[in-house]
1. Would you list the strands (runs of 3 or more DSSP E) that sit entirely within the range 62-165 and hold 2 or more residues that are surrounded by fewer than 17 Cβ atoms within 10 Å (Cβ to Cβ) and hydroxyl-bearing (Ser, Thr, Tyr)?
2. Within the set of pairs 6+ apart or on separate chains, which have a first residue in the range 114-137 that is under 17 Å from Ala102 (Cβ atoms), a second that is of a type outside the set (Gly, Ala, Ser) and part of a loop (DSSP other than H, G, I, E, B), and C-beta atoms under 8 Å apart?
3. Any residue that is in contact with a helix residue (DSSP H, G or I) (Cβ under 9 Å, 6 or more places away or on another chain) and either over 30 Å from Cys40 (Cβ atoms) or of a type in the set (Phe, Trp, Tyr) (or both) - is there at least one of those in the range 109-128?
Amino acid sequence: MGKLLISTGAPLIVIVVLLLAVSQTGYSQNASSFGQLNRCRPFQQVVAFDLTAGDTLFTGTIALASGTTVTIEQIALRIDATTSVVVPTVAALTTRVGSVTAAYYVSIPVDLWYVAPQRPLALMQAASLHADGGTALSFSISVDPRYTSGSGRAEWSLSGKSCVS
């Protein structure tokens, strides 16, 4: 019978060196996705502003840090009336990616057409919106011009992730 001879010299050293080289960061197949995960952090911001009687458009902004990109995954909006009623008609979040500015509209259900002191409005929507760092997220709420006697407060809450670009 023939014997299988395995030399434990040079071939074994070559195999060990190759295994070490492949396992080092930068050579493995998952190096880029692992590095990307470390460069992203949770993103959560809140902006609130007063809704004053007599006005029909209310806005707020959040400035984003330069050198980042933001992905918004969840949007929440709460509107409280402090006097009389507030009748929101349009709620929008505006973002900018490159040279493109886009608006995302938060749906206000028809059956919840007014907000009273004892009846706040709370909305939440899943999203997949993007924004470049160095830009601002803009928030706006329009109210029905036929019902401008009420006042209140609007609070937007965003969550997602912010990545170093």
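1. On the way: elements: 68-83, 88-97, 100-106, 121-132, 136-143, 151-164.
Qualifying strands (runs of 3 or more DSSP E): 68-83, 100-106, 151-164.
2. Ala131/Leu64; Asp132/Leu64; Gly133/Leu64; Gly134/Leu64; Thr135/Leu64; Ala136/Leu64; Leu137/Leu64
3. First, the residues of the range 109-128 that are in contact with a helix residue (DSSP H, G or I) (Cβ under 9 Å, 6 or more places away or on another chain): 119, 121, 123.
Among the residues that remain, those that are also either over 30 Å from Cys40 (Cβ atoms) or of a type in the set (Phe, Trp, Tyr) (or both) are: 119, 121.
Taking every residue of the range 109-128 in turn, at least one turns out to be in contact with a helix residue (DSSP H, G or I) (Cβ under 9 Å, 6 or more places away or on another chain) and either over 30 Å from Cys40 (Cβ atoms) or of a type in the set (Phe, Trp, Tyr) (or both).
Readers should treat all values here as calculations from the given coordinates under stated rules, not as data from a laboratory. Just so it is clear, the structure is predicted and the values come from calculations on it, not from any experiment. Methodologically, a virtual Cβ is constructed for each residue, glycine included, from the backbone with ideal geometry; neighbour enumeration extends over all protein chains shown.
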